[in-house]
Amino acid sequence: MMRISMSLPKKLMNEFDDVLKDRGYNSRSKGIRDALKDYILRYQWMNEIEGERIGVITVIYDHHATGVMEDITDAQHEYGEYVNAVMHIHMNEKYCLEVIVIHGDVKFIRNLTEKLMRLKGVEHVKLTSTAVKE
Ligand code: NI
């Protein structure tokens with residue numbers, strides 16, 4: 001075991017604590033350990049998939065964040081030959097939701113997903129994908 005200290009936005013910590021409470025966790029440390037394991041597993045799972053896929057990337061972002069809309073559009077143009085469709089929903093005053101449908105080798109789908117994850121102002125990115133050929 002090792003000890004770490006970190007700073008987190010208060011809102012994020014409160015939300016996390018609410019989840020832990022709902023799930024009946026007594027220990028925040030165990031909750032954080034489980035969340036990290038889940039993050040790692042999902043990354044590994046994403047990296048094990050190969051071949052041609054259809055992916056659906058869901059992005060939630062704060063449209064007031066400087067440059068985020070341009071950055072998201074640039075990223076989509078970069079993968080323009082694979083992006084089939086984009087749907088934009090204005091969720092509320094602050095957040096927009098974008099659903100990107102992308103078709104091609106999973107490495108392009110993964111690259112676009114990770115690029116979106118790294119953008120400042122992007123709050124959440126989720127990828128689901130389906131094989132095209134058996
Ligand atoms: Ni919007």
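For this structure, a couple of remarks:
- Point-charge dipole on Cβ atoms (K/R +1, D/E -1) for the chain, about Cα centre, debye to 20: 800 debye
- Counting Cα-Cα pairs of the chain in 5 Å increments starting at 0 gives whole-percent bin shares of 2, 9, 16, 18, 16, 15, 12, 8, 3, 0.
- Gain upon complete extension [Ile60, Ser29; 0.36 nm per residue less C-alpha separation]: 8.4 nm
- Only one residue of Ile49, Pro9, Met87 has its Cα farthest out toward the positive end of the dipole of the chain, where Lys and Arg carry +1 and Asp and Glu -1 on Cβ, and that residue is Pro9.
- Under a Gaussian network description of the chain, with springs only between Cα atoms under 10 Å, the residue in Ile49, Ile60, Ile89 that fluctuates furthest is Ile89.
- Taking the C-alpha atoms only, the angle from helix 68-78 to the longest principal axis of the chain is near 50 degrees.
- In a DSSP loop and with at most 14 other Cβ atoms within 10 Å, the GluC sites (Glu not before Pro) in the stretch 42-83 are Glu50, Glu81.
Just so you know, all these numbers are worked out from the coordinates, no wet-lab data involved. Please read all numbers here as calculations on a predicted model, not as lab measurements. Cβ: placed from backbone, ideal geometry, glycine included. Neighbour counts: every protein chain shown.
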